[in-house]
1. Of the numbered conditions (1) part of a strand (DSSP E or B); (2) within 18 Å of PHE23 (Cβ to Cβ), GLY50 satisfies every one except a single condition; which is it?
2. Is it true that some residue in the stretch 70-91 is away from the ligand (no atom under 14 Å from the Cβ) and either basic (Lys, Arg) or part of a strand (DSSP E or B) (or both)?
3. Restricted to the stretch 47-63, and to residues that are out of contact with any Leu (no Cβ under 9 Å at 6 or more places or on another chain) and farther than 11 Å from ASN14 by Cα, which residue is farthest from the ligand (Cβ to nearest atom)?
4. List the pairs whose first member sits in the stretch 38-53 and is among the basic types (Lys, Arg), whose second member is open to solvent by 70 Å² or more (accessible area, probe 1.4 Å), and whose Cβ atoms are under 7 Å apart, counting only residues at least 6 apart or on separate chains?
5. Condition check: farther than 22 Å from GLU60 by Cα and among the hydrophobic types (A, V, I, L, M, F, W, C). Does LEU103 satisfy that?
6. What's the number of the only condition in (1) within 13 Å of the ligand (Cβ to nearest atom); (2) in contact (Cβ under 8 Å) with a residue 60 or more places away in the chain that SER4 fails to meet?
7. Give the residues of the stretch 92-108 that are surrounded by 14 or more Cβ atoms within 10 Å (Cβ to Cβ) and either within 10 Å of the ligand (Cβ to nearest atom) or at pLDDT below 95 (or both), sorted by residue number.
8. Being open to solvent by less than 20 Å² (accessible area, probe 1.4 Å) and modelled with pLDDT of 95 or more is the filter here; which residues of the stretch 109-118 pass it?
Amino acid sequence: MKLSRIEHLGIAVNSLDEAIPFFENVLGLKCYAIEEVAEQKVRTAFFKIGETETKIELLESTDPDGAIAKFIEKRGQGLQHVAFAVEGLQQVLDLTAEKGVKLLDKTPRKGAEGLNIAFLHPKSTCGVLMELCENPNK
Ligand code: CMX
């Protein structure tokens with residue numbers, strides 16, 4: 001596969017309202033969007049980093065049974081996933097599965113900001129949850 005860049009870093013937080021002031025007032029980033037992704041049971045807040053296209057995505061759980069709530073229960077707040085931008089996501093997933101990697105998503109699904117996304121299982125990726133993202137409008 002060919003990764004173009006880091007699309008975003010996903011950080012699990014207890015509360016967007018409590019976390020956002022640190023990113024805005026201390027790191028000097030601007031929260032430009034808050035979006036709920038109901039299917040993932042999360043509310044997200046996005047920040048662009050400087051002149052780059054890389055973003056920080058804060059993730060607040062909307063459901064005690066959701067992946068983010070379970071992550072925080074087990075590990076506390078922190079870096080939850082790294083997302084890479086790719087082109088041809090379905091083909092990338094097929095080739096990755098052929099290499100014996102455990103996929104959480106065999107086909108892309110809709111993530112925040114209209115991106116097509118798919119996760120690789122952390123058991124196959126040295127313990128780091130990895131998300132692959134494709135912008136369908138590019
Ligand atoms: N990073 C690394 N390891 C993780 C992890 C993460 N984010 N989340 C879970 N794990 C590990 C757990 O520690 C556990 O390891 P052990 O078996 O060694 O204890 C194992 O994976 C299984 O975890 P679990 O708590 O039992 O939870 P599940 O199997 O129910 O779910 C996972 C794990 C990764 C499949 C789930 O977190 C998931 O589906 N994540 C993808 C969805 C997601 O995170 N969405 C939020 C992002 C929204 C967006 O960007 O659009």
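1. Only one criterion in (1) part of a strand (DSSP E or B); (2) within 18 Å of PHE23 (Cβ to Cβ) is unmet by GLY50, namely (1).
2. Within the stretch 70-91 (the criterion being away from the ligand (no atom under 14 Å from the Cβ) and either basic (Lys, Arg) or part of a strand (DSSP E or B) (or both)), the answer is no, since none of the residues qualifies.
3. Top of the filtered list is GLU51.
4. Every condition considered, the pairs that remain are ARG43/ILE34; ARG43/GLU36; LYS48/TYR32.
5. In short, yes.
6. So the condition that SER4 fails would be (1).
7. Once the filter is applied, which keeps residues that are surrounded by 14 or more Cβ atoms within 10 Å (Cβ to Cβ) and either within 10 Å of the ligand (Cβ to nearest atom) or at pLDDT below 95 (or both), the stretch 92-108 yields LEU104, ASP105.
8. Hits for the stretch 109-118 are ILE117, ALA118.
The values are calculated or read from the model by the stated rules, or taken from the named source; none is laboratory data. Since the model is a prediction, treat every value here as computed from it, not as a measurement. Glycine also receives a Cβ, built like all others from the backbone with ideal geometry; neighbour counts cover every protein chain displayed. Keep in mind that these areas ignore ligands, DNA and RNA; they rest on the heavy atoms of the full protein, side chains included. Shrake-Rupley method; radii C 1.70, N 1.55, O 1.52, S 1.80 Å.
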